[in-house]
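Since every read-out is calculated from the coordinates, none of them should be taken as a lab result. Because the structure is predicted, anything quoted here is derived from the model rather than measured. Positions of Cβ are backbone-derived with ideal geometry, glycine not excepted, and every protein chain shown enters the neighbour counts.
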Amino acid sequence: MKKILYIVFAALVLASAVSCEKFLNMAPDENLTLDDVFKNRLNTRAFLANAYSYMPYHADQNWDNNFTGSCDEEEIAYGAHYTHAMSSGAWAPTDGSVSPIWTSMYEGIRKVNLVIENADRCSDATADEIRWWKGEAYFLRAFYHFLIFRAYGPIPIVDHVVDINEDIASIVRATADEVAAFIAADCDRAAEYLVDKDEWPSLDYARATPVAALALKSRVLLYVASPLYNGNPVFADLKDPISGKNLISQTYDPEKWKKAADAAKACIDAAEAIGHGLYTAELATDPVKNYQNIFNVNWNKEVLWGRNNGAGDHWLNCSDPTSFGCYAIFDPTQEMVDAYEMEDGSTPITGYAADGITPIINPASGYTETGFTTSGVEGRWTANVSNMYAHREPRFYASINFAGGIWKTTRASNWTVPHVNEFWYYGIDGKNNAGSDYCKTGYLMKKLHYPTRVPWQSTPLQVWIYFRLGEIYLNYAEALNEYSGPVADVYTYVDAIRTRAALPGLAAGLTKDQMRERIHHERRIELAFETHRWFDVRRWMEGESQNKPIHSMNIWEGTNQTDPAFYKRIEVEKRVFETPKHYFYPIPQSEVDKNVKHYLVQNLGWITATAGDGE
């Protein structure tokens, strides 16, 4: 067993041989060896707790969440942010900012494999405790594999602690189907071993549960059933270098959709059986807060699993205005704003003219981009707001801060007077009154942000939600529609999401293709800014939809709230998407170089050098 303390899993770990040797020899107390850890109950628990530390901190939109700001949802106004390289197509396998997902997640996998293989040695723990720990480890192993899989596609499966005598230069990528099956199997095992929250000895809600495992299984089976992985000729040349087999299936299999639908329904049934449901606490009085508070009422009944983010305030400062002394850099695009429906469920904008910027307005929706309101609705819009922001669906007002909208209270009044967003050039939140950080689109992300938090004075404890029941409803509806067409259950679960948002149900008699379009739209709105959109457009093989500029209001003009000069669309940034290159992250060049037999094949389209002569 002690041989594993000196492993250097060269293709899959971040550290050098020297630092890795030291790291593997000590944990969690630097005076303890691995043998010491797993013969003591408290030390084993501490080691497992440390394995949870690899859960990504998506809220801050840092290296482990480049997704929101590099698709059509959002612009990250901070100029040095890595999303700009991704959006422009200027990223490469040699960029250090690409590698942490790969390396960090495989480090986490190594740790949970140690728990799985050594937990039985803990002589002062009960059999139930050991079984629970293993369940958590199986879940985390599945989750960490999934996080690598969704970014890189087919990946090496690491199902054991690698022995120093193994030939690590022969590591190959498993097929997408094999990876998904492995993750699903670990989820099943975890669900069998784990216990529900009401059986816990403490309110440690961030620990894995059976329902969390079923939610992950639902998501990974939905992914592998999707066009990116299911009979995709675009990736016909992505093959295992030894056997020559395709890493992505070239034969469409409709049964994958059935498996995905069954997995989602099993998750829904299990979750609802123990009290989970859509968060609807505010439905009768305020559907805006009803949606907004999913993310502000910690561990509410919709949350299946998440991460306690603590009291860090940087990510909150990134979506508050500059007049608050904040950064204003999480900026929704005009395209994202345009996607929200009207309050009656009609579509305001059906597309764009040949110039790519002029909206094609649906006259039946009542939407207009001229004129200003004469009155308002509390919690939504006020008088003198552009008509383009009036009478939109409730999720819009819960998710987007727009010019003229009310957000918190003003810093200038010692946080006592309501703050009016002034994103036009001469406004207090505009470019003329800002430094290097300023709102680039005329919008700020409101969703996920605690509405009563006072910048620099108070920071609420908040949870980043990895899985919630609303997603699983949409997973089920999508998979079921693809397998069986728009049957009754498809309507039931999509309409449940829309009812929560005070929107009418979908029109009867939709075709399968029409229902697919509606479900795709519903995911875009319901799951906005939750790291789904980047992956959804890819698994649907709609990546080319990202190969165009994003737009904003004209932040370089405007003297007051009703100045028409501000309410003109302008280009913010050109976005580049190349097929097949940008469907997946590039495997870090450093990892490819370590595999001297060249068995760790790079993703298609990425230029990568080879190391050694293959011998």
**Request:** Using amide H atoms built 1.01 Å from N in the peptide plane, name the residues 5+ places from Arg468, or on other chains, whose amide H lies under 5 Å from its own.
**Result:** Leu304
**Item:** Computed [θ] at 222 nm, deg cm²/dmol, the chain (DSSP H ≥ 4; -39,500 (n - 2.57); rounded to nearest 500)
**Value:** -10500 deg cm²/dmol
**Fill in**
For the chain, averaging the sequence separation of alpha carbon pairs under 8 Å that lie six or more residues apart and dividing by its residue count, the contact order in percent is 17
**Item:** Nonlocal amide H pairs with Thr409, under 5 Å, H built at 1.01 Å
**Value:** His419
**Request:** Quick one: which residues, 5+ away or cross-chain, put their amide H under 5 Å from the amide H of Tyr352? H built at 1.01 Å from N.
**Result:** Ile360
**Request:** May I ask for the angle, rounded to the nearest 10°, between helix 127-152 and the longest principal axis of the chain, with both axes built from Cα atoms and the value confined to 0 to 90°?
**Result:** 60
**Asked** Angle, helix 512-526 long axis vs. longest principal axis of the chain, Cα atoms, 0 to 90°, nearest 10?
**Response** 90
**Prompt:** So which of Lys258/Lys512; Lys111/Lys259; Lys217/Lys301 end up more than 22 Å apart, counting from Cα to Cα?
**Reply:** Lys111/Lys259
**Message:** Only counting other Cβ atoms within 10 Å, I'd like Met105, Met515 sorted with the fewest neighbours first.
**Reply:** Met515, Met105
**Request:** Rank the residues Glu255, Glu578 as a footprinting-exposure proxy: fewest other Cβ atoms within 10 Å of their Cβ go first.
**Result:** Glu255, Glu578
**Item:** Compactness of region 314-460 - radius of gyration and Dmax, Cα, Å
**Value:** 15.5, 48
**Positive-end extreme of charge dipole, the chain - chosen from Tyr152, Ala125, Gln250 (charges on Cβ)** = Ala125
**Message:** Just to check I understand the Karplus step: with θ = phi - 60° and J = 6.51 cos²θ - 1.76 cosθ + 1.60, what whole-Hz values come out for region 174-189, glycine and proline as x?
**Reply:** 6, 6, 4, 5, 5, 5, 4, 5, 5, 4, 4, 5, 5, 5, 4, 5
**Asked** Helix 469-484: angle to the longest alpha-carbon principal axis of the chain, degrees 0 to 90, nearest 10?
**Response** 80
**Request:** Only Lys, Arg, Asp and Glu count, each charged at its Cβ (+1, +1, -1, -1), so figure out the dipole size of region 80-202 about its Cα centre, rounded to 20 debye.
**Result:** 480
**Request:** Can you put Thr347, Thr33 in order of Cβ neighbours within 10 angstrom, beginning with the fewest?
**Result:** Thr33, Thr347
**Request:** Classify the chain as rounded, prolate or oblate, taking a ≥ b ≥ c as the square roots of the eigenvalues of its Cα gyration tensor: rounded when a/c is under 1.5, otherwise prolate if a/b is larger than b/c and oblate if not.
**Result:** prolate
**In region 333-399, GluC sites (Glu not before Pro) in a DSSP loop with at most 16 other beta-carbon atoms within 10 Å** = Glu369, Glu378
